[in-house]
Amino acid sequence: MNGVDGLAESIKAGMKRAKKQSEQKALRGVIQGGRVHIGAHSYPLKAAVDVNTDDGSLVWVQLAKSGTAVIVGA
């Protein structure tokens, strides 16, 4: 497409791509010493769901921009 219609289609396609790329996937972590450990990194935690947060618990987390691991499942 050319002209304004082509531009509109390009913008729509770009917005769809950006939205898909910005969706964050949950990461698997383990709770140790009151922090969530994912690989070699550890993060302070907050629970978004009612789960067991004892040491050794395996959890699914999403990382917030503040650097906090938000528990979204176990």
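The values are calculated or read from the model by the stated rules, or taken from the named source; none is laboratory data. What you see is a predicted model; the values in this text were computed from it and never measured. Cβ coordinates were reconstructed from backbone atoms using ideal geometry, including for glycine residues, and neighbour counts include every protein chain displayed. Side chains included, ligands, DNA and RNA excluded: accessible areas come from the protein's heavy atoms. Shrake-Rupley method; radii C 1.70, N 1.55, O 1.52, S 1.80 Å.
For the range 52-63, which residues satisfy the criterion of being within 18 Å of Lys25 (Cβ to Cβ) and open to solvent by 40 Å² or more (accessible area, probe 1.4 Å)?
If the condition is that a residue be within 18 Å of Lys25 (Cβ to Cβ) and open to solvent by 40 Å² or more (accessible area, probe 1.4 Å), then Leu58, Trp60, Gln62, Leu63 are the ones that fit.
Pairs please, first residue from the range 33-54 and closer than 10 Å to Ala69 by Cβ and outside any loop (DSSP other than H, G, I, E, B), second anywhere and of a type in the set (A, V, I, L, M) and open to solvent by 60 Å² or more (accessible area, probe 1.4 Å), Cβ atoms under 6 Å, 6+ apart in sequence or on different chains.
Hits for this filter: Ile38/Leu27.
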